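No lab work stands behind these numbers, since they all come straight from the coordinates. Here the structure is a predicted model, which means the values were calculated and not measured. Cβ placement follows ideal geometry from the backbone for every residue including glycine, while neighbour counts extend to all protein chains displayed.
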Amino acid sequence: MIKTNKKITKKILLIAIIIVAITNNKIVYAEAPIEYGRVTRSSGSSSGPIESKPHTPGDGKVPKVDNINSGKSSYFCEYERSINPNTRIVMNSYDINGNPLMNGNILVNQTFASGTWIGLRTQETKTVNWKVYQNTYKYYKRKKKYTCIYEWSYTQQSCDTCSKWQEDDIICNKNYKREKEKCVCRNNTGLTKTSIKKIYDVNKTCTHSSLKDYPCNCTNTKNSKIHEEKIEKEYNEEPQCSDYKIIDGNKYIFKEIRDDGDIIKEDSNVPKAIKDTCTKKSITNTKNDAIKYVVSPTSELRILDFYDNAGKKDDYTNENANIEGKLKTVTYETEGIEEEPISANEGKYIKVFNFKPKKVCMDRIKSVVRYIYNGDSECNQNEIDVTTGKSSKKENGKILEFWRYFIPLNAINGKQFYIKYEKTGNSKKLDKEECYSIIDNYPLEKSYKYLILKKDGNSFTGSSKIDKEIVNQNEGCKYKKNNKLIDIKECIKIINKYPSVSDYTNYIRTKNNEAFKGKKDDDEDTIDKNDGCIFSTKVSFDIEQKFYGQTSNYQSLKGYNLYFRQIDINNPFPNGIDNDSIWKGLYNSKKVNTGKEEIKLSSFDNITYIANISSKNANKIRTFNKETSYTQWTKDYGKNNGMNVNGQSYFVRYGSTKSIFTTKAPTDSFYKLGCGPTNKDWSWCKS
Amino acid sequence: MKWSFASVGLIMFGLSGLLIILLFNEITVSNEQDYYTLKDATEAAMIDAIDVAYYRLTGEVKISQEKFVENFTRRFTNVSTFGEGNYVIEFGQIIEYPAKVSVRIVDATNSYNIYTEEATSVNIVNEISAILDGKK
């Protein structure tokens, strides 16, 4: 017997759009190789630059140039660059009508019916911005050194030095006059003879201004001076010296050129070709390193794998509907790396990873869902590809696609099904700052459901809204929100920050896995190593069993959630139609809206099938019944039983039992299996 | 003499009455049996005929027309232990979505000769129209 509807219990559905921008800004200073290039002049072409061991500018190291060959040059390029990867993860979900469940940042609470599907779109967008800031060029050449030697020849006179008094140099005082080299008294000095005589007897004084030197005894000798001028020349250049040089007014005549060997010298005049090569190489290297950040996603998505045997009606009564399964990794699809140039030395790479199963197949006869995760498997003969659907509304100006995640038909209220989104590989563990950034962005007040995975991988089954179970082995503490593994000190900090949880003591464990008894803020026993933090988003769905009935304790299934009702064709709903009845909106004024057309409700105006049950036919039917159960839809090999995907019954149309039916409805009077008014335009319903 | 004819007449009258009673008994019993069998079989067949694949894709309850016809025919025949068959199942309007069916059973009784030139048998007709209803 069919049971009536059961009370529906609800839990808040938590479908989160998690938008996480995890930015890893790293400025890389020429950690990329310094370009070591050779320009072979003789051939006129430049060989490809050779990567040498990189160094950081300013570290005191200089590139080795000793091995530049004669006549060759080399160049070094250094550049600064930045590579900024960014990861954005977006998850959205869609109901059975394709409506997105997140409008902007508003979470739309909704339950999902067992057996039906929820649309999911999980997308990781990896972006990396790259930029080359500046190029520094060093251009070295091994050149030839020469010295132009100039000589100035001159005659040099060498004399003794004599000195004599110049005649003019004798100076007498006023009383004396000069007569040759002596002074004699002057006449007319007013002096008397006597006085003159006396004066004459007195020492005569003559003064000489100076003695003058003059060369004497001279001899002439010839001399020369050398002036050297160093020049550098390319190897194939002939050295050139001037014919003469005027230095300090002296004319130095060119004498000879001296070969002084080689010199390696930096040439500030870097050829444009070198600059272009360096620039090109710096950009190429930066782009090659940048693109590595977007090649693969940093996360993985895992969903529950189950096989729910839907279609075998009797099975559910033996099931406790505690659907568990193993998480399987879902592959991602990508459309290739999109390159977005910003300028000549700046650009961006973008790659989008869409996480979804390779295929989701539904058997139209058994209605069993099967996921294909990888490989080239296709849906089987009776299966239809129900992988993707399209959003009913534009999001960001686009109609987006989602994939269908089918909830088992026999899932009871309160069971959770979930997908798990987790970073992988080396980037799996986030550092504390990133953890807190995420924690702070999604405070507990928003009533997100946080789930803990215990160490053994099973869900935490606590009932409080904010459940925290700290399992302290050598992994520090596990914070329940988004399954992060963080240091116990930080965990305690969070606990203290959110004091509304009253039962911490039940959930904090000491090292020995005993109940925590100490004070929250000074429990040193639970301090352990910091294992960092694991970013993991577990999105769970609350389901509502609408197809089957449930027992009073909602622990198992019983009967159906539908009920059979005999009707009077002329007045099928004497008490009206309930607002939540599946017939609401479908019947009005004796007409039924079948989705395909509106028809008048009638009984036997038109006979569609007539079965003549003679004794002989009755025996056939009873024999058939022994071999085929009523609930069997699949066709056994070699037998005319089961259903065809086109909606025809083998019992009615084929085999020994078909003669029972003297009248059969035309085949276009019914839908194919899995098809109906809502999806009649889907490809497998049209064909 | 007249008493003997009267006795014979009485016996024949009794026999006729008995046949009538048997006939009507068969009618009523068959009718009642048919009705409950019809109702039960219709209900079970409608549930058996739910196109679960369609429900999983759309959340709507729809039955498969021919699966219903098949299952009803099989179920009804299987539980009809009276007589040797000889009934006709007529299916009227069947709507897959929303689920509604109309089924008629025409069951013939045994033939009874009650002072008629031909033996009398009666068709017992039971019919039902029903829907599957539930909460959205």
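How many residues does the range A:589-634 contain that are part of a strand (DSSP E or B) and among the aromatic types (Phe, Trp, Tyr)?
Residues in the range A:589-634 being part of a strand (DSSP E or B) and among the aromatic types (Phe, Trp, Tyr): 1 in total.
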Here are the criteria: (1) more than 7 Å from every other protein chain (Cβ to nearest Cβ); (2) under 24 Å from B:Ala53 (Cα atoms). Tell me which single one A:Asn588 does not satisfy.
(2)
Looking only at residues in the range A:553-575 that are in a strand (DSSP E or B) and within 7 Å of chain B (Cβ to nearest Cβ), which one is nearest to A:Asn413 (Cα to Cα)?
A:Tyr560
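Does A:Val645 count as aliphatic (A, V, I, L, M) and more than 7 Å from chain B (Cβ to nearest Cβ)?
yes
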Residue by residue through the range A:670-687, note down the ones that are farther than 12 Å from A:Val645 by Cα, more than 7 Å from every other protein chain (Cβ to nearest Cβ) and either among the hydroxyl-bearing types (Ser, Thr, Tyr) or in contact with a Phe, Trp or Tyr (Cβ under 9 Å, 6 or more places away or on another chain) (or both).
A:Lys680, A:Ser683
Scanning the range B:64-82 for residues that are outside any helix (DSSP H, G or I) and touching a residue at least 12 places away in the same chain (Cβ under 8 Å), the one farthest from the other protein chains (Cβ to nearest Cβ) turns out to be B:Phe82
Looking only at residues in the range B:51-63 that are crowded, with 24+ Cβ neighbours inside 10 Å and among the β-branched types (Val, Ile, Thr), which one is farthest from the other protein chains (Cβ to nearest Cβ)?
B:Ile63
Answer with yes or no whether A:Asp267 is touching a residue at least 60 places away in the same chain (Cβ under 8 Å), among the acidic types (Asp, Glu), within 28 Å of A:Cys77 (Cα to Cα) and in contact with a strand residue (DSSP E or B) (Cβ under 9 Å, 6 or more places away or on another chain).
yes
For the range A:248-281, give me the residue count where each residue is of a type in the set (D, E, K, R), under 15 Å from A:Tyr140 (Cα atoms) and surrounded by 11 or more Cβ atoms within 10 Å (Cβ to Cβ).
5
Members of the range A:647-662 that are in contact with a helix residue (DSSP H, G or I) (Cβ under 7 Å, 6 or more places away or on another chain) and not in a helix (DSSP H, G or I):
A:Gly647, A:Gln648, A:Ser649, A:Phe661
Given the condition more than 30 Å from A:Asp385 (Cβ to Cβ), facing another protein chain (nearest Cβ under 10 Å), touching a Ser or Thr at 6+ places or on another chain (Cβ under 9 Å) and surrounded by 14 or more Cβ atoms within 10 Å (Cβ to Cβ), answer yes or no: does some residue in the range A:623-630 qualify?
yes
Search result, residues across the range A:608-666 that are small (Gly, Ala, Ser) and touching a residue at least 60 places away in the same chain (Cβ under 8 Å)
A:Gly642
